[in-house]
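**Student:** Quick one: the structure is below, and I'll ask about it shortly.
The values are calculated or read from the model by the stated rules, or taken from the named source; none is laboratory data. This structure is a prediction, so every number in the text was calculated from the model and none was measured. Positions of Cβ are backbone-derived with ideal geometry, glycine not excepted, and every protein chain shown enters the neighbour counts. Quick note on the areas: whole protein, heavy atoms, side chains included, nothing else; ligands and nucleic acids left out. Shrake-Rupley method; radii C 1.70, N 1.55, O 1.52, S 1.80 Å.
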Amino acid sequence: MTQYGFYFDSTRCTGCRTCEMACKDYNDLPANYAFRRVFDYEGGDWKDNGDGTFEPTSWAYHVSMACNHCAMPACVANCPQGALEKDADTGLVSRDEEKCIGCGTCVKSCPYEVPVVDTETMKSAKCDGCASRVAEGKMPICVDACPLRALEFGDIEKLRAAHPGTVDGIAPMAPPDATKPSAAILACPAAKDCGDTTGAIANPKEVENA
Amino acid sequence: MTSGLDNLSLALFTALAPAGVVAFIIMALARLFAIDHERAVRIDRMIALPFAVALVGFIASATHLGTPANALHVFSGVGTSPLSNEVLAAVMFLFLAGSYWMVAFKVNFPDAAAKPWLLVACLAGIALLACTSQAYAVRTVPTWNTPYSPANLLLTGLFEGTVLSQLFLAAAKVPLSRWSFLLVGLGAASLAAGVVSMLAQNAYLASIANNEISAASLAPGYPLVIGIFALVGAGALLLDGWALRPRATECARLILRIAAAILAFAAVFATRIVFYNLHMTVGF
């Protein structure tokens, strides 16, 4: 099996949200949730130099994150309906609309808060890696939309080989050992490790899927 | 999708179904060892009560489903998904318990059929308790994936079940015996063990945090709820103990036990709400 996944270059991302909006437009998503979200992770303080001067130690960076199409997806493992499936050829995780009962177990088990139960259809919804576009040989819509070329998509092992020094998670993402995300992230100098407590998500309401 | 309503429906389920199963098993034991046929028949009629408690819990749990129409696919996950196992166990128990109650209305219902039927229903009930207690072992949810989740569920179910069973046995006009004292004692032991387990859980919460939140911040009032659980639970046991006075009339006994059952349910329900509020993932 080829495991597809996203490469995200956090040294390029300016947090413009074009990926997020292109995805919402393409998938015709309502205002209250998104499949791809941009997290603003920020921290810092004023450092007292002790001589009457102060220095800012503030830092900020963006993490554009859709579904990580994990190697060990918690949503698939916990769905009581078998409604979430990992594609045998691409490793992309998608949801079977017929089987879903909207119980929200995927929402509760995903450490990246990716799946969401749509309040109109009352079924779960999530990023499927634009599986139909990928089948046509195209890139996911977010990748094509990014004006900074900060996103790439493909065989995750090839992406990792093509971009040396990538990691599979930076804060505020969950530690990768829980689900083995198929993500390759090039960390910017400000980036913190997963589990960091020196910063905080600065846009919690924006990234909250409701 | 983490609305309060969801949590309430699941809190109701876990405050009713395990207690219903425990009360069913206690009534089944009373039926299996009933000394006269008259009493066995009275228990057979009233075994509908614990069955109804479990059924109401099961129905409450279904109200958190967005699209229940496709729910039968749940059986495709049996063996792999803990939730599928739980639903299968619940359906088996409710089917066996409900069908037993209905068939027991036959005038000639031989013990040779009744006793194995009840035993199998009890085994299905034990399977339901086991599966419900395992349903929250979700690796990515550190606040649920602890030994305290099954321990609290089983201990509160045992406590509330013993209290409910005394009401249901009174409804079946089963006279007092040394077993009545044993039930109150069992209730007291499970209440005490439940309080200890919850206090240990509350201490353990301090060690859980993710990027954004600490587990302790999700339920700042947990020590207070544990206190309420202990006091209200002790109140229920006191009423049940009061009902054991030899001089108490049957009517007084029934009223005391109804009050005890309401208190026991309220005490357990409060702790279940906290449990669902404790949800967080290892992420953010």
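**Student:** With surrounded by fewer than 18 Cβ atoms within 10 Å (Cβ to Cβ), outside any helix (DSSP H, G or I) and among the hydrophobic types (A, V, I, L, M, F, W, C) as the only criterion, which of B:LEU182, B:LEU176, B:LEU199 stands out?
**Tutor:** Matching residue, one of B:LEU182, B:LEU176, B:LEU199: B:LEU176.
**Student:** Same structure again: Among B:PHE275, B:PHE265, B:PHE229, B:PHE269, which is the only one that is buried (at least 16 other Cβ atoms within 10 Å of the Cβ) and within 14 Å of chain A (Cβ to nearest Cβ)? Spell out the reasoning first.
**Tutor:** Details: B:PHE265 fails: within 14 Å of chain A (Cβ to nearest Cβ); B:PHE229 fails: within 14 Å of chain A (Cβ to nearest Cβ); B:PHE269 fails: within 14 Å of chain A (Cβ to nearest Cβ).
Just a single option satisfies the conditions, and that option is B:PHE275.
**Student:** Pick from the range B:60-93 the residues that are within 7 Å of another protein chain (Cβ to nearest Cβ), of a type in the set (A, V, I, L, M) and in a helix (DSSP H, G or I): which of them is least open to solvent (accessible area, probe 1.4 Å)?
**Tutor:** The residue in question is B:VAL74.
Condition check ((1) in contact (Cβ under 8 Å) with a residue 60 or more places away in the chain; (2) in a strand (DSSP E or B); (3) among the polar types (S, T, N, Q)) across all residues:
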{"position": "A:TYR41", "(1), (2), (3)": "yes, yes, no"}
{"position": "A:ASP51", "(1), (2), (3)": "no, no, no"}
{"position": "A:SER64", "(1), (2), (3)": "yes, yes, yes"}
{"position": "A:CYS67", "(1), (2), (3)": "yes, no, no"}
{"position": "A:CYS70", "(1), (2), (3)": "yes, no, no"}
{"position": "A:GLN81", "(1), (2), (3)": "no, no, yes"}
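Conditions (1) open to solvent by less than 30 Å² (accessible area, probe 1.4 Å); (2) within 30 Å of B:LEU65 (Cβ to Cβ), marked per residue:
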site: A:CYS106; (1), (2): yes, yes
site: A:GLU120; (1), (2): no, yes
site: A:ASP144; (1), (2): no, no
site: A:ASP155; (1), (2): no, no
site: A:PRO181; (1), (2): yes, yes
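**Student:** If you check every pair at least six apart or on different chains, which have Cβ atoms under 8 Å apart with a residue in the range A:88-108 that is in contact (Cβ under 8 Å) with a residue 60 or more places away in the chain and under 23 Å from B:THR281 (Cβ atoms) first and a residue that is assigned to a loop (DSSP other than H, G, I, E, B) and of a type in the set (Gly, Ala, Ser) second?
**Tutor:** A:GLY91/A:ALA71; A:GLY91/A:SER182; A:LEU92/A:GLY129
**Student:** Does A:GLY82 fit the bill of being surrounded by fewer than 24 Cβ atoms within 10 Å (Cβ to Cβ) and either closer than 30 Å to B:LEU8 by Cβ or within 14 Å of chain B (Cβ to nearest Cβ) (or both)?
**Tutor:** Details: surrounded by fewer than 24 Cβ atoms within 10 Å (Cβ to Cβ): yes; either closer than 30 Å to B:LEU8 by Cβ or within 14 Å of chain B (Cβ to nearest Cβ) (or both): yes.
In short, yes.
**Student:** Turning to a different aspect of this structure: For the range A:189-210: of the residues being open to solvent by less than 40 Å² (accessible area, probe 1.4 Å) and under 16 Å from the mean Cα position of the chain (by Cα), which is modelled with the lowest pLDDT?
**Tutor:** A:ASN209
**Student:** Residues that are over 22 Å from A:VAL207 (Cβ atoms), at the interface with chain B (Cβ under 9 Å from one of its Cβ atoms) and either among the aliphatic types (A, V, I, L, M) or surrounded by 24 or more Cβ atoms within 10 Å (Cβ to Cβ) (or both): does the range A:85-97 have at least one?
**Tutor:** no
**Student:** Look at B:THR132 and say whether it is touching an Asp or Glu at 6+ places or on another chain (Cβ under 8 Å), open to solvent by less than 20 Å² (accessible area, probe 1.4 Å) and either assigned to a loop (DSSP other than H, G, I, E, B) or farther than 20 Å from B:ARG42 by Cβ (or both).
**Tutor:** It is true that B:THR132 is touching an Asp or Glu at 6+ places or on another chain (Cβ under 8 Å), open to solvent by less than 20 Å² (accessible area, probe 1.4 Å) and either assigned to a loop (DSSP other than H, G, I, E, B) or farther than 20 Å from B:ARG42 by Cβ (or both).
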